[in-house]
Structure formats: structure tokens, C-alpha cells
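Q: Before anything else, here's the structure in question.
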There are 2 protein chains.
Amino acid sequence: MVPIHQRILKDIESKIVSGIWPPGHRIPVEHELLKEYQCSRMTVNKALSTLAERGMIIRRRKLGSFVASRQIDRTVMDIQDISTEAELAGHEHSHTMLMRKVERLDAATAMRLGETMGAEILRLHCLHAVDGKANALERRIIMLDLVPSARTESFATVPPGKWLLDMVPWSKARHVIRAVSADATTARLLETERGEACLTLIRQTWQSSRTVTYVEFIHPGDRFQFAGDFHPNESRTIDQLPQGIAS
Amino acid sequence: MVPIHQRILKDIESKIVSGIWPPGHRIPVEHELLKEYQCSRMTVNKALSTLAERGMIIRRRKLGSFVASRQIDRTVMDIQDISTEAELAGHEHSHTMLMRKVERLDAATAMRLGETMGAEILRLHCLHAVDGKANALERRIIMLDLVPSARTESFATVPPGKWLLDMVPWSKARHVIRAVSADATTARLLETERGEACLTLIRQTWQSSRTVTYVEFIHPGDRFQFAGDFHPNESRTIDQLPQGIAS
DNA sequence: GTGACCTTTTTGTCTATACAAATAGATACA
DNA sequence: TGTATCTATTTGTATAGACAAAAAGGTCAC
């Protein structure tokens, strides 16, 4: 019923998770395992390779396979687009454009983004509300040479984050989370007190070493938090087909 | 030189990353690929399975393989033990125990932790300094029935987080990041102003559905931030053998 | 002792083949 | 028309065997 290689995988995993095999323990070599499980070496190899990819064991030719040190540190945070997140949680989301301006990168900002000064950008300010209550202030820069279609987009119906997700093929991103005190303007927009602790998420998105967009989300600290989990034994699974099936 | 399956993997990956194959695109079936790359189906299959595990494609029997929707959201945050983090960055770390008390779980805390009231716990308060400057206030609860050796540990030399990492076999963890304003006590300990925005990290660690420890780190907002990256095409790799090689 | 070379162990990759499982689409049938 | 059944396609799993590559450890000549 359950494939053999998955059984082997679970078996070994549980020995590691439970502490029977502590970090540094040398696990049986493939030849011993194939005898134990009565299967071919390829099958054992698949199980062990998967464990190695997940970082639970380390394999070395001639030396063998060893239980890796734990690393609680690599936590997966679900940092999503704010509108997507609200929708998923069954909340109502809306946004208001506060500013939309085409300008050129000044020296300081260019330095911060790692881009060249003078490049044409679209600067957006946008207020997000969840269930009618102010939830985030968005300050965004979009590089117009990489996303020229942004020039004519008003972002009135689709929020910038969501819109961009569909425009840029694939990307890498860097996230920074900070705590800052709200200044007067921010406090007014977020309907909170001046000096109130706010959670700021900064996201810079690249496509092959060029910045696509740089954005700051400022959330009132009393209405927002980030959460993430670390599961050593679960690999992420995706089973939803994308909507538009293009040939 | 480079294994074939890795070449196939990189090839397909680059087509996805560059946007040549957009989300929803049906990629050639294994039979076509093995003709293109002049290799066996197993080799093609390995490449495609790896891509599927990484979440870049979705495979369906009879239907074929499709490019998955992007999901910028699953970001890996390096949330480490504070002393480890300081060491790695080449900073000097020290800690001071402020409180160390054995007590029993009250109803409210038990509820919050999902544990039963009255269980024996060790409550720790601890101040962390990096390069001589206050960097975090740690408030921790350790379940004594799961970690009985904590009862006699003073945590004078090794900070609690690091000590626990070596004591508990493997575990899953949940992290929550929030922004809060410093109260008078916190402000005094962290050498900052009352009301100052602080970044709070809450971590709850389990071992097979039992809480091992629950901890809050409160960082001054002006001295701390979390950062994390999303790389679609890199799987995490570990190549460092654990120190103690036990047989 | 030191370096060059060989042997052995263990993992890494690959092939060719086989059958199983899922399932979309076609076909037969009531 | 709707339903049950068959068929073809595609991926999933497994096998047995082969050779390659890394690297520890041994051997031998110098």
C-alpha cells in the first residue's frame, strides 16, 4: 500500500526525531538497509537521498550517512500578499490609493536598492483595510523599465502586490521584519496613536539580479503578527493546479 | 561532468524562472524529454520529481506536468538561537540570569500553551547582550517533566536556548513575531525608553505533541530585525558533519 | 618519514525494463 | 440521455545490474 521507499524514510525519520539516533550517529549503510527491508539499493537510495535533501542526514562517500545536527532556525514564514492573506482567512479586504507618482531614483534610494540612480520608477502609497479597519500602510517602488505596463495601471481595483505577482515571471525575494514607532502621519492613517509600536515588513523582489519592486508594509502592532512553523519531517506539498492551463 | 538529471533540472528551471514557461504551462512529458536529452526515463523522472518536491511544477498522472503558480509567500527565515546568531556574525554575546524559579502552571498559561494546569515548570528570565549592549529580554517556560535535567541546571554559562537545543532530540516549532511597546520594566532592562517599539519573537517548541518550552524574546526595535529569503530554485543544503560522531 | 600508488568501502548516477495507479476520453449500453 | 466500462496516456514505484567518484587506509619504494 505505502511505497517501500516511503516506509524506509518514515522509519529512519522516526528514529532520528525520537532521539534513538542522535545527531552524529552513523546510520546503516545502504547494503544493510536493503537486506533489512528486502528491496533494491535504488529504493533505499531514494529514501536516503530524500532525507539528505531535507537536511536530516548528511551523506559522504566512503564514510557513510550521519544524522545531521538539528536546526530549528530555518523557519518557513507564510508572508503573503496582504489581500490574499485576508481572503484566505475569510476577511474582507479593501485598499485606497494615496499616492501614485512617476519619478526618478535619487542617490540615497538607489544605493539602498542596489540600483542605478536616475532610473525611472513608480512610487505608490496605499492604505489597506481588513474588515473595514486600517491594517497596513504600503509604500512601494516599482522599477518601470522592468515592469513598463505599470505606467498605465491605476491599481484602483487590484492592489499593487497582487497585480505584480501576475506580471513578473518568477523571482527571488528578501524580507526584513522590523519594529518601529509610528510617526504622526502613519499614526493618523492607521488610526492609532503616535509612537505606537508598528510591525514593518520590507520586501525587495528581484528578477535575475534586477530589482522589480521594493515595498514597505507598516502594520499597527496591536492588529498584526507574523507566524511560521518549523517541521523537520514535512516537505512542502502543492497539489493545486494553476488556473490558466496554457499549452 | 554535471550529472544529466541536474542538467535537465536546471534547463527546465531556467525556462520557468525566465518566464518562457509561465504558470499553467504544460511541460513536455517524460517520453519527449528522454528523447531530447538522450537518457532513460528514470533520469528524466528524477529531475521532474525533484522539481515537483520543490514546488515548481505539479505532476498529475494522465494529465502531465504543469508549471506551478509562484508563491513568494513561503519565506525561509533564519530564526536562530540568539547566542548562535551573534557568534556567526562575529559578535560577542553574554547573558545574565534575572530569575530562575520552579513553579506550577496556572490556568491561563496552561491554556495558552495547550498544556494541563498544575504541571511543573521552570520559569526563567534572562537578559542578553551583544557586544556589551542589551539586545534581548528572554522570558522562558520549560516543562520539567519533559526536560527533568533542567531542574539542576543553573544556565550560568550556557544560555537556556542553546542548552535546550542539545537536550531535546528533535522537534517542531512555531514562531510568532509581533511588535509591542516596551513597558517600564522592559525599557529599563533593555536600556531604552518606555513606549519604545520592540520586536517580540515567541517560540513554542514541541516534541511529539508535548510542549518542551515556550519562550518570548523582546528586542529593542532600533537594534534588531529579522531577515529571510525566498529562493525558488535553491534547495537547502547542509554539508557540515555534526561534531560528535557516535557509532 | 614521505610520497606515490593501490585497494576497499560507500555513495552517486545511469540504464533498461516492468508493472501499478490515476484518470481523461471514448465507447457501449440501458 | 445518462451510466457503466474500456482504453490510452502519463506518472509512480520498483528491480537488477553497471560503472563512476570520493576518500580512508594500506603498501611499497625511496
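The values are calculated or read from the model by the stated rules, or taken from the named source; none is laboratory data. Please read these numbers as outputs of a predicted model, since none were measured by experiment. Because the Cβ atoms are built from the backbone with ideal geometry, glycine has one as well, and the counts that use them run over all protein chains shown. Surface areas here come from the heavy atoms of the whole protein model, side chains and all, with no ligands, DNA or RNA. Shrake-Rupley method; radii C 1.70, N 1.55, O 1.52, S 1.80 Å.
Q: Quick check on my filter: what residues within region A:16-43 are in a helix (DSSP H, G or I) and surrounded by fewer than 17 Cβ atoms within 10 Å (Cβ to Cβ)?
A: Residues satisfying the conditions are A:S18, A:H31, A:E32, A:K35, A:E36, A:Y37, A:R41, A:M42.
Yes/no per residue for (1) outside the structural domain of A:T205 (by TED's automatic domain parsing); (2) out of contact with any Leu (no Cβ under 7 Å at 6 or more places or on another chain):
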residue	(1), (2)
A:Q38	yes, yes
A:M56	yes, yes
A:H91	no, yes
A:L98	no, no
A:K101	no, yes
A:D106	no, yes
A:R112	no, yes
A:G118	no, no
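Q: Out of all the residues in region A:58-77, is one or more in contact with a helix residue (DSSP H, G or I) (Cβ under 6 Å, 6 or more places away or on another chain) and in contact (Cβ under 8 Å) with a residue 40 or more places away in the chain?
A: Taking every residue of region A:58-77 in turn, at least one turns out to be in contact with a helix residue (DSSP H, G or I) (Cβ under 6 Å, 6 or more places away or on another chain) and in contact (Cβ under 8 Å) with a residue 40 or more places away in the chain.
Q: Kindly indicate the residue of region A:27-50 that is more than 8 Å from DNA strand C (Cβ to nearest atom) and within 11 Å of chain B (Cβ to nearest Cβ) and also nearest to the chain's Cα centre (by Cα) among those meeting that condition.
A: A:T50
Q: Follow-up. Somewhere in region B:58-77, is a residue touching a Ser or Thr at 6+ places or on another chain (Cβ under 9 Å), crowded, with 19+ Cβ neighbours inside 10 Å, part of a loop (DSSP other than H, G, I, E, B) and within 12 Å of chain A (Cβ to nearest Cβ)?
A: yes
Q: Still on this structure, I have one more. Within region A:78-99, is even one residue part of a loop (DSSP other than H, G, I, E, B), within 18 Å of the chain's Cα centre (by Cα) and free of Cβ contacts under 8 Å to residues at least 40 places away in the same chain? Explain how you work it out, then say what you get.
A: Quick first cut of region A:78-99, residues part of a loop (DSSP other than H, G, I, E, B) only: A:79-81, A:89-92.
Remaining after also requiring within 18 Å of the chain's Cα centre (by Cα): A:79-81, A:89.
Then drop every residue that is not free of Cβ contacts under 8 Å to residues at least 40 places away in the same chain, which leaves A:80, A:89.
Within region A:78-99 (the criterion being part of a loop (DSSP other than H, G, I, E, B), within 18 Å of the chain's Cα centre (by Cα) and free of Cβ contacts under 8 Å to residues at least 40 places away in the same chain), the answer is yes, since at least one residue qualifies.
Q: Now a separate question. Inside region B:160-212, can you point out the residues that are open to solvent by 10 Å² or more (accessible area, probe 1.4 Å) and in contact (Cβ under 8 Å) with a residue 60 or more places away in the chain?
A: Correct list: B:G161, B:K162, B:L165, B:L189, B:R203, B:Q204, B:Q207, B:R210.
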